[in-house]
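The values are calculated or read from the model by the stated rules, or taken from the named source; none is laboratory data. No experiment lies behind these values; they were computed from the predicted model shown. Please note: Cβ atoms are built from the backbone with ideal geometry, for glycine as well, and neighbour counts cover all protein chains shown.
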Amino acid sequence: MKRATTSAWRFLALLVVCALALQVAFALRIALMAIVDPQSTSFQRSEIWRLLTEQHHVRWSQDWVGNAQISPNLKRAVIASEDAGFAEHSGIEWDALEKAWERNQKAEARVSKINERLEKQALKSPAAADVKKPLREPKVVGGSTITQQLAKNLFLAGERSLPRKAQEFVITFMLEAMLNKQRILEIYLNNVEWGEGVFGAEAAARHYFHGPAAQLSPTAAARLAVMLPAPKRFEKRPDSPYVMSRAATVVARMGAVEVP
């Protein structure tokens, strides 16, 4: 019994040491980003693998450009659309997270009721089950800041779990502690996805507007910002009525945005 307890404590200590070593590795990589541009992100590498396995080829476009080569219009548009408090918060907007959690709980309850009703209909009429498939998952609403999105894209996998979310918080605080807001935004805009195989502001500007990121107009910048939550979906219709309407709202908000 004593030997088993000792082994358990040793195993627990090993886990703690490994966890701390992982945090140190993250911290060192983030510290290096203050002076060295990251060559790729975890999300980009997973996308390359997906394209290779599903399509057996990779169509990829990404060109890193410095902060001065990214239009202030795009910076304002992305902040206005994705994270209005970016310049002031310390990495996490707790109020936004709480509201997102409440919306997700309501969505989960609503979908659960719909599933129950459809399952009852399926039991009464098997033919109807072939027409109306029960919903599986509620639509999940996020409350992530730009820094949190960068933390996730740089280092983490895409699955949703409490340990992964906790790690995202830790990396977010590291990013805010070691990099200034201007650098965080620069890295984010150079690595974020804007379509299948389209990463970064320069590639997005050339893909959708046939010009450099430095010359994006307010409307063009707002359209790119609107695409960020679902770039692969909006890529198919970048000038859809929804995108144009939402972009007009973003343009109206851009004047009040503080760019770090």
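Odds and ends about this structure:
- Restricting the range 1-51 to residues that are among the hydrophobic types (A, V, I, L, M, F, W, C) and part of a loop (DSSP other than H, G, I, E, B), the residue that is surrounded by the most Cβ atoms within 10 Å (Cβ to Cβ): 33
- If the condition is being closer than 19 Å to residue 39 by Cβ and of a type in the set (S, T, N, Q), then the range 182-224 contributes 190, 191.
- Taken as a whole, the structure leaves residue 211 outside the set of residues that are modelled with pLDDT under 95 and within 30 Å of residue 56 (Cα to Cα).
- A Cβ distance below 7 Å, combined with a sequence gap of six or more or placement on separate chains, defines the contacts here; from the range 40-51, residues that are under 15 Å from residue 151 (Cβ atoms) reach residues that are loosely packed, with under 14 Cβ neighbours inside 10 Å and at pLDDT below 90 in the pairs 42/157.
- Residue that is modelled with the lowest pLDDT [pool: residues in the range 54-99 that are among the polar types (S, T, N, Q), closer than 19 Å to residue 190 by Cβ and assigned to a loop (DSSP other than H, G, I, E, B)]: 62
- Test result for residue 12, out of contact with any Phe, Trp or Tyr (no Cβ under 6 Å at 6 or more places or on another chain), under 21 Å from residue 228 (Cβ atoms) and modelled with pLDDT under 90: no
- Options 199, 209, 234; residue that is surrounded by fewer than 20 Cβ atoms within 10 Å (Cβ to Cβ) and among the aromatic types (Phe, Trp, Tyr): 209
- Residue 151 vs. criteria modelled with pLDDT of 95 or more and assigned to a helix (DSSP H, G or I): yes
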